[in-house]
Each structure stands twice: as structure tokens, then as C-alpha cells.
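The values are calculated or read from the model by the stated rules, or taken from the named source; none is laboratory data. In this text, all values refer to a predicted model and were calculated from it rather than measured experimentally. All Cβ positions, glycine included, derive from the backbone under ideal geometry; neighbour counts span all protein chains shown.
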2 protein chains.
Amino acid sequence: MVVNVAIVGVGLVGSEFIRQVLTTQSKKIAIISVANSRNFLTSSTPLTASWNDDLSSAGPATKPFSLESFTASLATSKATYSTVVLDCTSNESVAAYYPTWLEAGFHVVTPNKKAFSGDLNLYKKIKQLSNGQKGSPLVYHESTVGAGLPVINTLNDLINTGDKIVKIEGIFSGTLSYIFNNFSTLGASAKPVKFSEVVSVAKELGYTEPDPRDDLNGMDVARKVIILGRVAGLDLTQETVQVENIVPEELRNASPQDFMAKLPEFDQHFENLNQEAVQNGQVLRYVGLVDPVHGKSSVTLARYPASHPFASLKGSDNIIAFTTERFPSPLIIQGSGAGAAVTAFGIYSDILKIAERTQ
Amino acid sequence: MVVNVAIVGVGLVGSEFIRQVLTTQSKKIAIISVANSRNFLTSSTPLTASWNDDLSSAGPATKPFSLESFTASLATSKATYSTVVLDCTSNESVAAYYPTWLEAGFHVVTPNKKAFSGDLNLYKKIKQLSNGQKGSPLVYHESTVGAGLPVINTLNDLINTGDKIVKIEGIFSGTLSYIFNNFSTLGASAKPVKFSEVVSVAKELGYTEPDPRDDLNGMDVARKVIILGRVAGLDLTQETVQVENIVPEELRNASPQDFMAKLPEFDQHFENLNQEAVQNGQVLRYVGLVDPVHGKSSVTLARYPASHPFASLKGSDNIIAFTTERFPSPLIIQGSGAGAAVTAFGIYSDILKIAERTQ
């Protein structure tokens with residue numbers, strides 16, 4: 001009924017998760033450990049709202065963080081209840097540590113994409129250690145794609161019940177959703193805007209990475225395509241997903257300042273693409289595609305007609321369409337796919353599922 | 001790991017569920033009993049593809065069906081594994097038997113709406129018996145709303161993690177989705193059709209009940225509103241949900257033949273409603289609403305602008321939008337919400353979740 005939770009990474013998402021658990025006074029979750037990159041604190045009693053002060057270097061129980069010492073401190077926590085390690089970093093070396101945790105009998109929950117979209121051997125090791133056999137530890141990562149939207153769990157349900165995936169297509173980046181929802185529009189709401197201006201506004205609103213090229217190069221979307229493809233049973237890697245990098249070639253090696261300064265020189269290029277679409281009653285959307293039938297998974301700037309659900313997307317929402325044997329008219333999920341509140345919601349749901357499964 | 005499944009009702013949905021389980025050679029599900037309204041068959045070994053012949057009255061192990069004798073035959077099945085009773089009827093007296101099964105330690109999975117939208121005391125009894133305490137039996141009913149679309153599980157996740165529901169709004173009837181998606185359209189695809197003709201085509205395609213008034217009166221949608229409201233914590237009943245019955249008053253007591261014959265006399269009435277909407281850039285959609293904030297839950301013929309996701313719905317798809325504190329831009333799920341394949345998918349997923357929780 002109760003699970004212990006030990007959290008690595010207490011930034012925006014980790015802190016929000018703790019806030020949600022404490023606010024809802026969950027009787028199923030006891031947060032027993034928190035760690036940032038410098039320190040950690042493991043307690044034999046559940047942490048309270050003062051966890052941040054307790055974790056500060058002045059806290060009497062605070063210790064310097066290393067993956068080994070943090071893990072060692074959790075050893076006794078499994079005596080009464082299952083223990084979940086929650087990785088709220090985006091760190092690759094923390095992801096590489098999942099097999100160690102799983103072998104030690106800890107469950108893993110995370111919004112960190114690295115373990116599921118990086119080295120295929122690491123992914124397979126994790127799958128093998130959490131293979132669903134009686135007593136094997138559990139791994140949940142709903143929030144790696146579309147934050148708390150029920151994407152991974154729905155895909156798992158489809159796969160586990162024997163449905164055949166025809167394709168998975170979606171807008172998986174809140175940033176690129178915002179940019180193209182505002183840049184490429186049809187009908188009454190259509191007003192001409194410059195691509196560079198939309199990127200600039202998105203940057204000011206904090207929607208983009210500090211360097212917007214880290215969004216526009218498609219690598220983040222590619223990671224999500226890889227994750228979905230692997231859950232669907234494909235051995236996707238960065239090498240096998242074709243990515244259309246929409247950063248103009250001339251600006252790929254520019255300094256971040258030069259990139260923003262020179263992007264307006266390419267407004268006409270993007271406007272031409274948009275006009276080609278609009279004149280055909282279509283809009284531009286930056287989409288990820290998992291295509292097991294043709295063996296082609298990709299990230300591309302594609303066109304959709306006004307009547308398509310991708311065309312009417314708003315704000316920075318994500319959308320994902322599963323076309324399957326049972327759902328020839330696709331099963332579609334959409335909504336906010338970024339931000340601490342909805343990411344923490346996905347984590348919280350995952351941990352409750354582990355609590356339910358480890359009664 | 002393994003659960004036994006005993007099925008009451010082997011019509012389209014029940015048979016399709018058996019087919020899916022046998023086709024996927026599930027190692028987690030053993031179908032040990034099947035029952036129709038006349039006979040049942042309980043076996044100590046999993047049933048095979050010949051289950052239908054075995055169940056025929058000529059089968060040597062076949063017995064006359066009653067809820068009591070069927071239940072008694074399952075008593076020894078719990079010795080090794082958990083047993084799920086799967087109700088694939090739409091029968092009220094089967095629904096009223098759930099407390100007996102739960103008290104006997106059986107789990108219940110069903111697409112039957114009756115227990116969750118009928119007598120509130122029955123619902124509360126079922127909730128109390130499956131209260132999530134250690135060892136209590138489990139009840140899953142994903143397929144009662146939107147067939148296999150992940151509606152109930154998503155709502156439960158939102159509630160269980162402490163999100164606040166602002167409203168739940170959706171098109172929950174494949175029939176009424178089809179009728180209004182075809183009758184009320186905007187833009188290039190808009191072509192004038194008569195309401196009575198759309199209803200007539202829907203009837204011929206088998207989308208409606210034998211008497212289409214059983215769809216148009218809104219009672220089926222009201223049942224789904226009640227289910228969603230109750231999952232969200234509201235004590236909704238048929239009395240507290242306001243339902244807009246769109247069957248013209250003059251036709252409510254007509255014979256089924258007279259209803260279809262006289263419906264064209266009301267085409268102008270529906271066309272006027274549609275024109276009022278279209279002239280404002282809107283379409284008509286028949287929607288269910290759970291509104292805990294204003295305490296008003298309802299089923300109404302409402303209008304939505306072209307840019308709204310409800311306006312671009314196609315075919316007979318369902319759609320549901322959860323507006324919550326964490327999802328002010330709603331979490332939306334859409335896709336096929338009727339038919340044996342997707343209903344059986346929802347059931348199959350539910351039973352796998354029970355298998356996972358009862359290792």
C-alpha cells in the first residue's frame with residue numbers, strides 16, 4: 001500500500017512532485033530521501049514541508065551526494081515497504097545507474113528521457129531487469145513523452161493486449177507546437193507573422209531552450225520518437241530516425257547571439273514554406289513519426305489540412321495519434337505536454353501504480 | 001501473474017474478448033468459465049477456441065444458468081489464482097449481483113453501465129467493497145465510457161493525485177457523434193443534408209438502437225455523464241442530470257414506424273437550429289457535461305466554433321475533454337468509442353491491470 005520514494009534532483013519538477021504529495025496528504029507515498037547535485041538527506045521518517053531546509057548543507061543529517069552513498073543510504077528502506085527511486089534530473093550518468101538500482105530491488109520512475117532514448121544496450125538491460133516476472137522491480141516513465149498525458153501507459157495497453165501499431169504520429173515538443181501553431185494558421189485567426197518574431201517571442205516567454213536551436217534541430221523530438229518506437233518494440237536509435245533539422249545550415253555554427261540576430265534573414269524561406277502549405281489549405285506542423293510498417297521513423301516539418309486535429313492545436317499543447325489495427329480512426333490524446341505541474345502529475349500517477357502493484 | 005476469468009454474456013463483446021485473449025496467447029489470463037442467458041460452463045482448465053461448442057446445450061459439462069449456480073461453480077477457482085468475473089451483459093440484475101461477487105472475493109470487470117449509472121446505493125456499496133484497502137477486490141470499468149479509450153483510468157489518475165476537476169465535457173455517443181458530424185458542418189466539407197436523412201442512414205448502418213429515439217432521447221449519454229461524475233466524486237443520478245431530449249415532443253409516443261415516417265416533418269426545426277449555429281461560424285454537437293464547480297451536469301445540444309476540437313470530430317468517434325486545475329487547456333482524448341474490438345480492448349487492459357496488481 002505504501003511506497004517509499006527517494007528523489008534524485010529537486011529542481012522545478014522534483015519540488016513540484018513533493019508539493020503535490022504533501023498537499024494531497026497521500027497515505028500511499030512516503031518521501032524518505034531527497035538529493036541535489038551536492039547533497040542528499042535520507043530519513044527514517046517521511047520528509048515534511050521543511051525538506052528543503054533540512055537538505056541544505058547546514059542540515060545535521062545532510063551528506064555529500066554521490067550515487068553510491070545515496071544508494072547505500074536507502075538499503076534499509078526496503079525492509080518494510082517497496083522503495084522507488086525517482087530520477088528528476090535529465091542526467092545521463094544518473095540514467096546509467098538504473099540497472100544498479102533495479103538489481104538492488106528498487107523500482108524506478110522518471111521523466112528523464114536519457115535511459116529510454118540513448119544507448120540501446122542500456123535500454124535493453126533495463127527492460128530485462130524489469131521484465132514483469134513475479135517480484136521483478138518496476139520501471140514507469142510516463143512523463144518522458146507528453147509530460148502527464150497518458151501516452152506511454154496507453155501505448156503499453158495497446159501493445160500488451162496484442163493490438164498492431166500502424167503508426168504513431170504527433171507533436172511532442174511544446175516549443176515547436178507553440179512556434180508553428182502561431183506561425184502557420186488558416187482561416188479567421190490567420191495573421192501574417194515572421195518566423196523569427198515567433199521564435200523570439202517563444203524565447204522571451206521561456207518556452208524555448210536558452211539556445212532555440214536546441215529545439216529547432218529536432219533532437220528533443222527525435223528522443224521522444226525513439227522512446228515511443230522502443231515501447232512499440234522497435235530498436236530505434238539516433239542513427240535510425242531521420243531528423244529534419246530546420247535550423248538554416250548557415251546558422252548552425254553561429255554563436256547564440258548571431259543566431260537570433262541573423263534568423264530574420266531566413267524569414268522569407270519559412271514564409272515560402274508556409275505559403276505553399278496555406279495555398280493548399282494546409283498548415284505546417286513539426287511532427288514525430290513512428291512507422292513500423294514501412295520501417296521509417298522520422299522527425300519532419302509536415303503539412304496538415306485544416307480539418308486535421310494537428311491543425312487546430314493551440315498554445316503549446318502536445319498531441320499524439322495512435323493508428324492501430326483496432327483504431328483505424330486513430331486514438332488521439334492532446335493537452336499540455338510541458339511544465340512542472342503536469343510532469344509531476346505523470347510521476348505521481350506512476351508511483352501510485354507501483355504502490356498498487358506492490359501491496 | 002495469472003488471473004482466472006469467468007465471463008457472463010458471450011455476445012459480440014464477450015466473444016471478441018475471448019478471441020483477443022486466445023489470439024494473443026496471453027499467459028496472464030485463463031478463461032475458466034463462460035455463461036449465456038441459458039447455460040454456463042466452468043472448467044478446471046482454460047477454455048480453448050472450441051468454447052462455443054462446449055457451451056452449447058449438448059456439451060457434457062454444460063449446466064443451466066443462474067447467477068447462484070454460476071457463482072457456486074467458481075468457488076474453487078480462487079485457490080491458486082485470483083478470479084475476475086467479467087460481465088459482458090447490459091443487464092441490471094447481473095449488475096446488482098456485483099456486491100455478492102465482491103464479498104466472495106471475486107474481482108469485477110465490465111463494460112455494463114448499469115451498476116455505475118443506476119441506483120446510487122448499489123454504486124456506493126460497490127465502491128465500499130472495492131475500497132483499495134489491502135486485499136480488497138478490484139473493480140475496473142474502463143469500457144463503460146468511450147469503450148477502450150483511456151477515459152476512466154485517466155480520470156482516476158487525475159483524482160487520485162489530487163487534481164481539481166473544473167469540468168468534463170464530451171461527445172460520448174458514437175451514434176450522436178455520427179449524426180451531428182454529418183448534419184452540422186462548416187467550410188469546404190459542408191453540404192446541406194436533412195436531419196431525418198442522416199438519422200435514416202445511421203439506422204441503416206446499424207449505428208443507432210433499433211429505435212433511434214433510444215439514442216436521441218439522451219439517456220445513454222446521461223448514463224455516461226453519471227458515471228464520470230461519480231468517478232469524480234459527485235453523487236449524480238438520473239434526477240440530477242438535466243437532459244435535453246431532442247426527439248420532437250409530438251413523436252415521443254409514436255410507434256417506431258411512425259417515428260421514422262414523421263421525422264421529416266421536423267427537418268425544418270433542426271435546419272433552423274443548424275443555420276443559427278452555422279451563421280455564427282459554429283456547429284451543433286450533442287454533448288455531455290460534468291460541472292462540479294456550478295453543480296450542473298447536463299446533456300445538451302450545444303454549439304462549438306470551427307476551431308474547437310469537437311467541431312472537427314469525424315465519423316462516429318467519441319471525444320472527451322478534462323479541464324482541471326493542472327490542465328486549464330484541457331486534456332483531450334478522442335477516437336473510436338464503440339464496437340466490439342475497442343470495447344474488448346478496454347476490458348482486456350483492465351484485466352491485465354488486475355493481473356499485475358494481484359501477483
Notebook entry, point to check: Quick one: is A:D258 touching a residue at least 12 places away in the same chain (Cβ under 8 Å) and in the same structural domain as A:S316 (by TED's automatic domain parsing)?
Noted result: no
Next item on the list: Report the residue count in region A:293-317 for those that are surrounded by 22 or more Cβ atoms within 10 Å (Cβ to Cβ), at the interface with chain B (Cβ under 10 Å from one of its Cβ atoms) and not in a loop (DSSP other than H, G, I, E, B).
Entry: 1
Checklist line | Hey, B:T76 part of a loop (DSSP other than H, G, I, E, B) and either more than 11 Å from B:A6 (Cα to Cα) or in the same structural domain as B:Y140 (by TED's automatic domain parsing) (or both) or not | finding: no
Note to self: Among the residues of region A:169-209, what is the count of those that are touching a Pro at 6+ places or on another chain (Cβ under 8 Å) and small (G, A, S)?
What the structure shows: 2
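Could you identify the single residue in A:I351, A:I347, A:I320 that is at pLDDT 95 or above and in the same structural domain as A:L176 (by TED's automatic domain parsing)?
Working: A:I351 fails: in the same structural domain as A:L176 (by TED's automatic domain parsing); A:I347 fails: in the same structural domain as A:L176 (by TED's automatic domain parsing).
The conditions single out A:I320.
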Check: Cβ-Cβ below 8 Å, separation at least six or inter-chain, first residue in region A:335-347 and over 13 Å from A:L86 (Cα atoms) and more than 7 Å from chain B (Cβ to nearest Cβ), second in a helix (DSSP H, G or I) and of a type in the set (G, A, S): which pairs?
Finding: A:G337/A:G174; A:G337/A:S177; A:A338/A:G174; A:G339/A:G174; A:A340/A:S15
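Going by the structure shown, is B:A277 facing chain A (nearest Cβ under 7 Å), hydrophobic (A, V, I, L, M, F, W, C) and either under 18 Å from the mean Cα position of the chain (by Cα) or over 17 Å from A:I320 (Cα atoms) (or both)? Lay out the reasoning, then the answer.
On the way: facing chain A (nearest Cβ under 7 Å): no; hydrophobic (A, V, I, L, M, F, W, C): yes; either under 18 Å from the mean Cα position of the chain (by Cα) or over 17 Å from A:I320 (Cα atoms) (or both): yes.
Spelling it out, it is not the case that B:A277 is facing chain A (nearest Cβ under 7 Å), hydrophobic (A, V, I, L, M, F, W, C) and either under 18 Å from the mean Cα position of the chain (by Cα) or over 17 Å from A:I320 (Cα atoms) (or both).
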Item checked: Residue satisfying all of: in region B:42-62; touching a strand residue (DSSP E or B) at 6+ places or on another chain (Cβ under 6 Å) and not in a loop (DSSP other than H, G, I, E, B); surrounded by the fewest Cβ atoms within 10 Å (Cβ to Cβ) among these -> B:D54
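Can you find even one residue in region A:162-177 that is without any contact (Cβ under 8 Å) to a residue 12 or more places away in the chain and either over 20 Å from the mean Cα position of the chain (by Cα) or under 30 Å from B:L22 (Cα atoms) (or both)? First the steps, then the outcome.
So in region A:162-177, the residues without any contact (Cβ under 8 Å) to a residue 12 or more places away in the chain come out as A:162.
Now restrict to residues that are either over 20 Å from the mean Cα position of the chain (by Cα) or under 30 Å from B:L22 (Cα atoms) (or both): A:162.
Looking for residues that are without any contact (Cβ under 8 Å) to a residue 12 or more places away in the chain and either over 20 Å from the mean Cα position of the chain (by Cα) or under 30 Å from B:L22 (Cα atoms) (or both), one finds at least one in region A:162-177, hence yes.
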Note to self: Considering only residues that are within 20 Å of A:V299 (Cβ to Cβ) and of a type in the set (D, E, K, R), which ones fall in region A:245-285?
What the structure shows: A:E249, A:R252, A:E276, A:R285
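Scan region A:288-309 and give yes if some residue there is small (G, A, S) and touching a Pro at 6+ places or on another chain (Cβ under 7 Å), otherwise no. Walk me through it before giving the result.
Taking region A:288-309 as the starting set, the residues that turn out to be small (G, A, S) are A:288, A:295, A:297-298, A:302, A:306-307.
Restricting the remaining residues to those that are touching a Pro at 6+ places or on another chain (Cβ under 7 Å) gives none.
No; the residues of region A:288-309 include none that is small (G, A, S) and touching a Pro at 6+ places or on another chain (Cβ under 7 Å).
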Note to self: I'd like to check something: does region A:191-206 contain any residue that is touching a residue at least 40 places away in the same chain (Cβ under 8 Å) and within 14 Å of chain B (Cβ to nearest Cβ)?
What the structure shows: no
Next item on the list: Take B:K194 and decide whether it is more than 23 Å from the chain's Cα centre (by Cα), closer than 24 Å to B:Q257 by Cβ and modelled with pLDDT of 95 or more.
Entry: yes
Item checked: Single residue of region A:256-302 satisfying the filter (among the polar types (S, T, N, Q) and touching a strand residue (DSSP E or B) at 6+ places or on another chain (Cβ under 9 Å)) that is farthest from A:V198 (Cα to Cα) -> A:S297
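I'd like to know if region B:284-292 contains one or more residues that are in contact (Cβ under 8 Å) with a residue 40 or more places away in the chain, out of contact with any Phe, Trp or Tyr (no Cβ under 8 Å at 6 or more places or on another chain) and assigned to a loop (DSSP other than H, G, I, E, B).
Initial filter on region B:284-292 (in contact (Cβ under 8 Å) with a residue 40 or more places away in the chain): B:284-292.
Now restrict to residues that are out of contact with any Phe, Trp or Tyr (no Cβ under 8 Å at 6 or more places or on another chain): B:289-292.
Those left that are additionally assigned to a loop (DSSP other than H, G, I, E, B): B:291-292.
Yes, region B:284-292 has at least one match.
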Notebook entry, point to check: Does A:P330 qualify as being touching a Phe, Trp or Tyr at 6+ places or on another chain (Cβ under 8 Å), surrounded by 17 or more Cβ atoms within 10 Å (Cβ to Cβ) and within 12 Å of chain B (Cβ to nearest Cβ)?
Noted result: yes
Check: Taking B:L41, is it touching a helix residue (DSSP H, G or I) at 6+ places or on another chain (Cβ under 6 Å) and within 18 Å of B:G9 (Cβ to Cβ)?
Finding: yes
Item checked: From the options B:W51, B:W101, residue that is among the hydrophobic types (A, V, I, L, M, F, W, C) and closer than 16 Å to B:G14 by Cα -> B:W51
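Take B:L12 and decide whether it is touching a residue at least 24 places away in the same chain (Cβ under 8 Å), over 27 Å from B:E103 (Cβ atoms), assigned by TED's automatic domain parsing to the domain that holds B:A104 and of a type in the set (A, V, I, L, M, F, W, C).
On the way: touching a residue at least 24 places away in the same chain (Cβ under 8 Å): yes; over 27 Å from B:E103 (Cβ atoms): yes; assigned by TED's automatic domain parsing to the domain that holds B:A104: yes; of a type in the set (A, V, I, L, M, F, W, C): yes.
Considered against the rule, which asks whether it is touching a residue at least 24 places away in the same chain (Cβ under 8 Å), over 27 Å from B:E103 (Cβ atoms), assigned by TED's automatic domain parsing to the domain that holds B:A104 and of a type in the set (A, V, I, L, M, F, W, C), B:L12 comes out as yes.
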